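Asker: Dumping the structure here so I can ask a few things about it.
The values are calculated or read from the model by the stated rules, or taken from the named source; none is laboratory data. Being a predicted model, the structure only gives us computed values, none of them experimental. Every residue, glycine among them, receives a Cβ derived from its backbone with ideal geometry; neighbour counts consider all protein chains shown. When the accessible area is computed, the model is the full protein with side chains, heavy atoms only, and any ligands, DNA or RNA have been set aside. Shrake-Rupley method; radii C 1.70, N 1.55, O 1.52, S 1.80 Å.
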Amino acid sequence: METRRLRTIQQPSHIERLLDALVSRANLSPKDGYQIRDPAALPPKLQTLITQATQEGRVWGCWVNSFETCLFTCEMSLARSRERGSPVLMVNRYGESGELQDAGAWTSDPEGVWRRCAD
């Protein structure tokens with residue numbers, strides 16, 4: 001992908017939209033979950049992770065249901081996006097107590113289907 005286009009996509013608001021699309025289309029959120037946008041409504045450990053992610057230039061999104069809380073942080077990999085010709089998100093998933101549950105790279109095809117990248 002051309003660098004100018006990738007730099008535009010790297011804007012936090014655009015990456016937030018990509019993260020929202022990834023979580024919803026790849027069914028990564030808890031069943032019957034809803035999104036929480038106010039960090040103050042989350043447990044202190046997740047608030048700390050959000051602060052760290054923001055300081056590192058990562059975006060975040062959190063989805064909850066009655067039994068589960070999932071915090072996602074992500075950034076776009078410029079190098080991997082160039083290689084694949086489409087945005088590649090480096091995503092971390094945390095549980096309610098702040099433990100890292102999963103980490104990986106994701107990309108979508110032209111139809112908007114998200115797939116985990118093979119390392």
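Asker: List the strands (runs of 3 or more DSSP E) that sit entirely inside the stretch 1-92 and contain at least 3 residues that are open to solvent by less than 50 Å² (accessible area, probe 1.4 Å) and modelled with pLDDT of 90 or more.
Answerer: Where strands (runs of 3 or more DSSP E) fall fully within the stretch 1-92 and carry at least 3 residues being open to solvent by less than 50 Å² (accessible area, probe 1.4 Å) and modelled with pLDDT of 90 or more, they are 59-64, 69-76.
Asker: Inside the stretch 93-113, can you point out the residues that are hydroxyl-bearing (Ser, Thr, Tyr) and either part of a loop (DSSP other than H, G, I, E, B) or out of contact with any Ser or Thr (no Cβ under 9 Å at 6 or more places or on another chain) (or both)?
Answerer: Within the stretch 93-113, 97 is the sole residue that qualifies.
Asker: Same structure again: Any chance you could count how many residues in the stretch 67-92 are of a type in the set (Lys, Arg) and under 15 Å from residue 26 (Cα atoms)?
Answerer: 0
Asker: Under 9 Å between Cβ atoms, at least 6 apart or on separate chains: pull out the pairs that start in the stretch 96-115 with a residue that is open to solvent by 20 Å² or more (accessible area, probe 1.4 Å) and end on any residue that is part of a loop (DSSP other than H, G, I, E, B) and among the β-branched types (Val, Ile, Thr).
Answerer: none
Listed here are the residues, each with its yes/no results for (1) within 18 Å of residue 20 (Cβ to Cβ); (2) basic (Lys, Arg); (3) touching a helix residue (DSSP H, G or I) at 6+ places or on another chain (Cβ under 8 Å).
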| site | (1), (2), (3) |
| --- | --- |
| 55 | no, no, no |
| 65 | yes, no, no |
| 75 | yes, no, yes |
| 80 | no, yes, no |
| 83 | no, no, no |
| 98 | no, no, yes |
| 103 | no, no, no |
